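Enquirer: Got a structure here, written out as structure tokens. Questions coming.
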Amino acid sequence: MKTLADMKDSKDGGQNPELNISPENYSLLTDLYQLTMAACYTGEGIEHKKASFEMFVRRLPKGFGYLIAMGLAQVLEYLSQFRFHANQILALKETGIFNHAPDSFWSLLSEGVFTGDVWAIAEGTVVFANEPILRVEAPLWQAQIVETYILNTINYQTLIATKSARIRNIAGDKAILLEFGTRRAFSPQASLWAARAALAAGLDATSNVLAALQLNQKPSGTMAHALVMALSALEGSEEQAFRAFHEYFPGAPLLIDTYDTLNAAKKLAEKVNNGEIKLKGVRLDSGDLVSLSKQVRSLLPEVAIFASGDLDEWEIQKLKTQGAEIDGYGLGTKLVTGSPVSGVYKLVDIDGIPVMKMSNGKLTYPGKKQIFRSYGSGKLQHDKLALITENYYDQEPLLELVMKQGQQIKPSENLTKIRQRTATSVASLPAEVSTLEHPVPPYLEISEKLKNLHQETQKRIE
């Protein structure tokens with residue numbers, strides 16, 4: 001990493017055009033106020049006080065009845081590599097922002113690594129508003145600085161996982177679902193996280209080659225209009241384009257809506273019926289998908305039909321309701337953008353003292369907590385938010401210790417296991433929770449001990 005002085009003297013006008021993320025820069029991928037607060041804690045001599053922060057969402061995104069927790073693996077990888085290097089400390093000093101910070105702050109950064117504990121809900125688990133997805137218990141300065149990266153990771157992957165789970169639930173088990181969102185994701189890094197979360201929550205494959213290979217998966221895709229247009233122009237016809245692509249990639253679906261969808265389907269049907277080609281699939285990317293899919297099905301009854309083009313769970317539900325003949329969907333823009341998951345990360349305990357926020361509309365519950373889940377007849381009935389000192393033996397505790405004293409004690413799970421958990425979690429939801437039409441989340445019970453602690457903490461603050 002360049003120091004501030006190096007960047008000022010560089011030919012590129014003082015900027016690093018790469019703006020890439022590497023593990024050695026994890027510690028600096030944070031908001032400035034995390035560092036200024038850590039410096040303040042150090043000056044006050046409280047930087048090593050044990051602090052507990054919990055991450056949760058106050059409200060579900062509009063139209064959502066649940067969330068699927070995702071992103072823990074990347075959080076644990078980040079925490080395991082969290083440290084400040086000498087050149088990073090020099091760059092911070094050169095900003096001039098920390099001129100009045102105590103010298104001990106720099107010593108703290110130069111020697112510090114993450115030494116805390118992490119409690120978390122397993123990836124692929126259904127969660128609801130006001131339920132801790134994760135808790136960090138660490139020296140105050142460490143727990144503070146890691147907030148930004150944790151929120152970025154879990155908020156985004158949880159959004160993608162939830163959208164993917166909803167799409168799978170609507171499309172059904174037999175539909176082939178492909179993640180096509182790389183070009184619309186908010187950044188190259190986000191595209192990798194989106195692909196991972198989508199696969200972990202129920203999609204079958206991703207077109208993102210790097211993501212697929214890093215996740216030990218096979219990438220999947222079709223073709224673009226450009227190939228059809230280029231080969232049609234240079235070799236004479238759309239049929240020539242289909243012939244060429246099918247020769248090299250016989251298993252890949254052909255995109256048939258570049259010019260005239262039905263004309264293309266008719267010509268392909270002739271070749272299929274004459275035994276000239278063995279066509280496995282076609283893709284529709286525009287037009288009236290209901291009408292076109294039905295007509296293409298009549299022409300190519302044994303060929304899988306894929307659809308794409310700004311699809312999401314709502315559009316898929318409409319297509320199915322209207323009787324569209326579609327076997328699989330490519331999900332892009334609306335999957336990797338969507339309504340944000342606005343998770344927050346709040347201090348709940350400092351040096352054994354429960355704390356809470358009392359702002360209007362942003363009130364929090366004090367103390368370290370656990371979620372206990374109840375089932376009945378295979379369906380989720382309700383959750384109870386309680387203190388970690390409580391036990392309800394007939395209910396399932398959701399938060400588990402995954403990192404202790406900075407060391408990961410539970411291995412990160414593979415995508416297959418997370419995908420299975422996601423499917424089981426969604427299947428356990430009552431219809432009123434999983435529906436797209438005015439979903440109603442289950443009741444969240446607050447334990448009596450937590451209610452009492454809330455009242456006591458409020459009185460102490462007032």
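Enquirer: Please turn the phi angles of region 363-368 into ³J(HN,Hα) values with the Karplus equation 6.51 cos²θ - 1.76 cosθ + 1.60 (θ = phi - 60°), one per residue in order, whole Hz, x for glycine and proline.
Expert: Karplus values, whole Hz, x for Gly and Pro: 5, 10, 8, x, x, 6.
Enquirer: Still on this structure, I have one more. Restricting attention to region 400-438, which GluC sites (Glu not before Pro) occupy a DSSP loop and are surrounded by at most 14 other Cβ atoms within 10 Å? Please list the in-between numbers first.
Expert: Working: sites: 400, 413, 432, 437; in loops: 413, 437.
Counting only loop positions with at most 14 other Cβ atoms within 10 Å, the GluC sites (Glu not before Pro) in region 400-438 are 437.
Enquirer: Using a 1.4 angstrom probe on heavy atoms only, work out the carbon and sulfur share of the accessible area of the chain in %. Mind dumping the intermediate values first?
Expert: Working: 11230 of 21760 Å².
Solvent-exposed carbon and sulfur of the chain make up 52 percent of the total.
Enquirer: Using Cα pairs under 8 angstrom and six or more residues apart, how large is the relative contact order of region 347-462, in percent? Walk me through the numbers on the way to the answer.
Expert: Working: 139 pairs, mean separation 32.0, N = 116.
Worked out over region 347-462, it gives 28 percent.
Enquirer: For region 156-264, compute the orientation-averaged projected area of the C-alpha convex hull (one quarter of its surface), in nm². Present the calculation step by step, with values, prior to reporting the outcome.
Expert: Working: hull surface 32.7 nm².
For the Cα atoms of region 156-264, the hull's average projected area reads 8.2 nm².
Enquirer: Residues of the chain: accessible area per residue at 1.4 Å, in Å²? All intermediate terms of the calculation are to be shown ahead of the outcome.
Expert: Working: 21760 Å² over 462 residues.
Result: 47 Å² per residue.
Enquirer: Treating cross-link reach as a plain straight distance, find the lysines whose alpha-carbon is under 16 Å from the alpha-carbon of residue 451, omitting any fewer than eight places away in the same chain.
Expert: Cross-link targets: 357, 368, 369, 384, 459.
Enquirer: Let me ask something else. Distance between Cα centroids, region 328-392 to region 126-144: provide it in whole Å.
Expert: 9 Å
Enquirer: For region 356-462, report the translational diffusion coefficient in µm²/s to the nearest whole number, using Stokes-Einstein at 37 °C, 0.692 mPa s, and a Kirkwood Rh over Cα pairs.
Expert: Values: Rh = 16.5 Å.
Translational D for this selection: 198 µm²/s.
Enquirer: Would you work out the relative contact order for region 370-434, in percent, from Cα pairs under 8 angstrom that are 6 or more residues apart?
Expert: Details: 59 pairs, mean separation 20.3, N = 65.
Relative contact order comes out at 31 percent.
Enquirer: Turning to a different aspect of this structure: Label points 7 Å out from Cα along the Cβ direction at residue 94 and residue 129: separation in nm?
Expert: 4.7 nm
Enquirer: What spacing in nm lies between the two simple spin-label points modelled at residue 436 and residue 353, each 7 Å away from Cα in the Cβ direction?
Expert: 5.1 nm
Enquirer: Please list the non-local residues whose amide H lies under 5 Å from the amide H of residue 379, H modeled 1.01 Å from N, same-chain partners needing a gap of 5 or more.
Expert: Result for residue 379 returns nothing.
Enquirer: Report D for region 244-345 in µm² per second (integer): Stokes-Einstein, Kirkwood Rh on Cα pairs, 20 °C, 1.002 mPa s.
Expert: Values: Rh = 14.8 Å.
Rounded, D is 145 µm²/s.
Enquirer: Based on the alpha carbon coordinates of region 367-407, what radius of gyration and maximum Cα-Cα distance (Dmax) apply, in Å?
Expert: 12.2, 40
Enquirer: Using the Kirkwood radius built from alpha carbon pairs, what does the Stokes-Einstein equation give as D for the chain at 4 °C and 1.567 mPa s, in µm² per second? Could you put the intermediate results ahead of the total?
Expert: Numbers: Rh = 24.8 Å.
Estimated via Stokes-Einstein, D reaches 52 µm²/s.
Enquirer: Residues of region 273-310 with the amide nitrogen closer than 15 Å to a label point 7 Å from the Cα of residue 322, along Cα-to-Cβ, please.
Expert: 284-296, 307-310
Enquirer: Take the alpha-carbon positions of region 306-359, form their convex hull, and give its projected area averaged over all directions (one quarter of the hull surface) in nm².
Expert: Numbers: hull surface 27.5 nm².
Mean shadow area of the hull around the Cα atoms is 6.9 nm².
Enquirer: Another one. Stick to Cα atoms and the Kirkwood definition of Rh, then tell me Rg/Rh for region 34-81.
Expert: On the way: Rg = 16.2 Å, Rh = 14.3 Å.
When Rh is taken as the Kirkwood radius, the ratio is 1.13.
Enquirer: Given a Förster distance of 22 Å, report the FRET efficiency between residue 104 and residue 31 from their Cβ-Cβ distance, rounded to the nearest 0.05. Walk me through the numbers before you get to the answer.
Expert: Values: r = 22 Å, r/R0 = 1.00.
For residue 104 and residue 31, the calculated efficiency is 0.50.
Enquirer: Hey, another quick one. Counting pairs of alpha carbon atoms under 8 Å apart in space and at least six apart in sequence, what relative contact order in percent does region 129-227 give?
Expert: On the way: 90 pairs, mean separation 22.3, N = 99.
Here the relative contact order equals 23 percent.
The values are calculated or read from the model by the stated rules, or taken from the named source; none is laboratory data. Everything numeric in this text was worked out from a predicted model, so none of it was measured. Using ideal geometry, Cβ is built from the backbone for each residue, glycine included, and neighbour counts are taken over all protein chains shown. Side chains included, ligands, DNA and RNA excluded: accessible areas come from the protein's heavy atoms. Shrake-Rupley method; radii C 1.70, N 1.55, O 1.52, S 1.80 Å.
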